Amino acid sequence: MTAKAISARAKAMNSARLAATVRNLAQFRYALRKFLRFSENVARKVGVTPQQHQLLLGIQGFSGRGSASVSELAEFLQERHHSVVGLVERAEQSGLVRRTQDAADRRVVNVTLTARGKRILLRLTRRHYEEARRLSGLWEMCELSRGAHTAKNPRLRNSNGRS
């Protein structure tokens, strides 16, 4: 095989690899967006905003303590500190969370769920778990979930066996 033919074959394989990667990313994005849309809708159906649902998740699960500081919640939600303060204030007014000053550092505000917040989060968690199981076929269909971008996938290997 000539050098020119090898170069043309490598370009075609790179093009095919790129096309496969784009398809995989599109499938992944579709599955992710479908799950997020479900999440937004089910949160509203139980009487909270999607942001409040995310807040409840962060409080209960992010730190592993069953509570979280406003700074931890800002990291979890990928929001600015002052935006999270407003979200926490609205959630507190709705009876979902409780704020307390940290005993060791009075500058730190810790947020915990109220009994109502825990009930709503449990309900939402059950629904999300069911939906995630239902969508598992979509996730499995997406080759990214199986590591298609690695050399383990023979479709993405070049002619010398390297990715």
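The table below lists the values:
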read-out	value
Members of region 39-76 found to be touching a His at 6+ places or on another chain (Cβ under 8 Å) and over 25 Å from Val108 (Cα atoms), listed by number	Ser39, Val42, Ala43
Filtered residues of region 20-49 (kept if loosely packed, with under 15 Cβ neighbours inside 10 Å and aromatic (Phe, Trp, Tyr))	Tyr30
Of residues in region 107-119 being at pLDDT 95 or above and not β-branched (Val, Ile, Thr), the one surrounded by the most Cβ atoms within 10 Å (Cβ to Cβ)	Gly117
Failed criterion for Ala151 (all others in (1) at pLDDT 90 or above; (2) closer than 30 Å to Ser7 by Cβ hold)	(1)
Out of Ala132, Ala104, Ala91, sole residue that is modelled with pLDDT of 95 or more, out of contact with any Gly (no Cβ under 7 Å at 6 or more places or on another chain) and among the aliphatic types (A, V, I, L, M)	Ala91
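The values are calculated or read from the model by the stated rules, or taken from the named source; none is laboratory data. All of these numbers come straight from a predicted model, not from anything done at the bench. Counting neighbours? That spans all protein chains shown, and the Cβs are built from the backbone with ideal geometry, glycine included.
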